[in-house]
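Scroll down for the structure; my scribbles are underneath it.
Readers should treat all values here as calculations from the given coordinates under stated rules, not as data from a laboratory. Because the structure is a prediction, the values reported are computed rather than measured. In this analysis, Cβ positions are derived from the backbone assuming ideal geometry, glycine residues included, and neighbour counts consider all displayed protein chains.
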Amino acid sequence: MYAQYNIIGVKHHKLLLMACAGVALTTVCTPAAFAADWVFGPYVGITEQYTDNAFSTAENTKDDLITSLNTGFTLNGEGNRVQLASEYDLSYDIYAKNSELNGFRHNLLASGDAELVSEHLFIQSQIAFTEETLSRSGSTTFVDRTVSSDRTRVLNTRISPYYIQDFGGNATGLAQYTYSRVDFFETDVGSSTDDPSNSQTHEVNLSLGSGRDFNRTTWLLELLGVDSEVEGGDDLQRGTFLASGQMPINKFVALLGTAGWDEFNGENIDNQSISGYFVGGGVRLTPGPRTDFSIQFGHRYGRGIADMDLTYLISSEAAFTASYTVDIATAGQSLANTDVLDRDGDLVNPNFTSTGYVDAITKAKTLSTGLRGTKGRNTYSATASYVQRDFLSDGTNDEVVAVDGSYSRQLSSQLEMSLLAGYSEVLDAEVDGTRDTAVYGQAALNYQFNESLSGSLTYGYFDRDSETDTDDLRENNVSVSLRKTF
C-alpha cells in the first residue's frame, strides 16, 4: 500500500478511486450489465529509446538511452443496455545517464453508458487520467516519456444521469444532471511550475422537443443552468433559455431559427456585455444522402455570431466533417466538456490542448475540420483547427492554428507502416514573446509476430521555434518496443 501512495499520492489516489467508481457504477449497477459481452486484454511491454535532448532544452542538449517498462489492460463491454470502453497503461522510465528523470507515467481513459430503466433512465460517465504539458513553452516532448519540468497529471471526470419521457410521439422531454471535475497534480519527476486551479461544475439541462411523429419539421425548448467553481480562480454561473426550430421548404432545404436569453454571473468579467437576448437564423441543406450542411448567423454574447456544421460522406469508407462554434466557459469546463470517445467510438485523450491551458473565463471561437477514411489496405486521417480565445477578465486574446495528418498501410499480413505529421502556430499570443511554431512527425514499422506478440520500430522528430530563444526546442527520438498480450 505504501508503494501505491508513493506513486500517485494519497489525495490523488482517493480521487482516482472515486472517478473509477463512477465509471464502474455506470456499467454494473444494472443486472443487464452482466449480459454484456466482456473482453479483457492485459499486457506487458518494454521499450528501448534514444533521445538527443533528454532535458528538452534549447542549448547544451544531453542525449540518453531510456528503458520503459509498461503494463496495462483494455476492458470493453457491450450489451443491450450497457457499453464500456476503457484502457489503462502504467509505465516506468529508466534513464541510463540521468537517473533523476526516472519516474512513473499513467494513462487511463474510460467511457461507460448504461440504461437503468428501460427507455427512460440512463447514466453516462467518463474518466481521463493523463500526464500533460499544458503550456506550449518550456520542457516538452513529442513522444511519451518523463521530462524534467512543466508537467502535470490531469484527472478529468464526468458523470451524468438523465431521464427521457416520450409524450405520445408528439414531444420528447429530457431532464439531465451533469457533475464534472478537473484536478491537477504534480508528477513525481523533476521540478514543476504551479499547477492550474482545480475546478468542479454542476450542470442541469431541461428540454422539451419535437417527438418521433415529426419528420423534418422540428422544434426544441431548452433550459440550462451551470455552476462552475474554481479553486482560487474565477467562478462562473450561467443560465440559458433557448428556443429553436427547423421548417422545411422542400426535401433539400430547411430554414433554421434560434432565439433565447443568456444570464452570466462570472467573477472579474463584464457580465452585462455578454448577457442578454440572442437570436439567429439560417439554413440546412441536404442535397443528397451524403451531405448535411447547416449554418446560422445572428447576435449573441453582445456581438454578431455564426455557427456551422457539415458532414459529407465521400464514400462508405470515408467522411469529411467541419464545424464552427462559439462558447463561453471556464478552462476546467472546456476540458470536462470534451468527450473521451470520438465520432467513431474510439478512445481519445480529452486533456490535450494545442492552445495551452490558461486559468480564465474565455469566449472561444473554434473552427475544426476532419477527414478520415479507409481504402483497401490504406487508412488515413487529417484534421485542421483554428481557435481564437478572448480572455474576458483582462481583454487579451490568443489565436492558434494546427494541422495534423496520419497514414498507415498494411504492407503484409504481419507488417504495417504508419506515418504521422503535424504543424501548429501561435498567430497571436496572450503574453508578448510567447508566439511560436512547432513541426513534428513520426514514422513507424509495426510487426505482428503472432497473435499475442507485437513489436515496433519508431522514429520521431519535434522542432519548436519560439520568439523567445530559450524556449526553442528540437529533439530526435528512435525507439524499439515489444508488447505481449495475454
Out of Gln442, Tyr92, Asn215, whose Cα points farthest toward the positive end of the dipole of region 2-485 (charges: +1 Lys, Arg; -1 Asp, Glu; placed on Cβ)?
Asn215
If the only charges are +1 at each Lys and Arg Cβ and -1 at each Asp and Glu Cβ, what is the size of the charge dipole of the chain around the Cα centre, to the nearest 20 debye?
1780
Most positive-pole-ward Cα, Gly168, Thr321, Gly266, against dipole of the chain from beta carbon charges
Gly168
At what distance in angstrom do the alpha carbon centres of region 157-193 and region 347-411 lie from each other?
22
What is region 2-485's relative contact order, in percent, from Cα pairs under 8 angstrom and six or more apart in sequence?
11
Please identify the trypsin sites (Lys or Arg not before Pro) of region 296-359 that satisfy two criteria: DSSP loop assignment and at most 14 other Cβ atoms within 10 Å. Which are they?
Arg343
For Val204, Val182, ascending order of other Cβ atoms within 10 Å (fewest first) is Val204, Val182
Scattering profile of region 2-485 from the Debye formula, Cα beads only, expressed as log10 I(q)/I(0) at q = 0.05, 0.06, 0.09 Å⁻¹, is -0.21, -0.30, -0.71
Just to be sure I understand the curve: with the Debye formula and one point per C-alpha of region 339-450, what is log10 I(q)/I(0) at q = 0.10 Å⁻¹?
-0.41
Charge context of Gly169, other residues only, Cβ under 14 angstrom, K/R +1, D/E -1
-2
Would you list the P(r) distribution for region 194-277, with all Cα-Cα distances sorted into 5 Å bins from 0 and each bin expressed as a whole %?
3, 12, 17, 16, 14, 11, 9, 8, 5, 3, 1, 0
Sort Val480, Val326 by Cβ crowding within 10 Å, fewest neighbours at the top.
Val480, Val326
Along each of the three principal axes of the Cα atoms of region 230-389, give the extent in whole Å, ordering the values from largest to smallest.
54, 40, 21
Rounded to the nearest 500, what is the 222 nm mean residue ellipticity of the chain from helices alone, with -39500 (n - 2.57) per DSSP H run of 4+ residues and division by all residues?
-2000 deg cm²/dmol
By per-residue mean of other Cβ atoms within 10 Å, what is the highest-first order of 351-357, 53-59?
351-357, 53-59
Neighbour counts of other C-beta atoms within 10 Å: give me Glu475, Glu229, Glu119 arranged from fewest to most.
Glu119, Glu229, Glu475
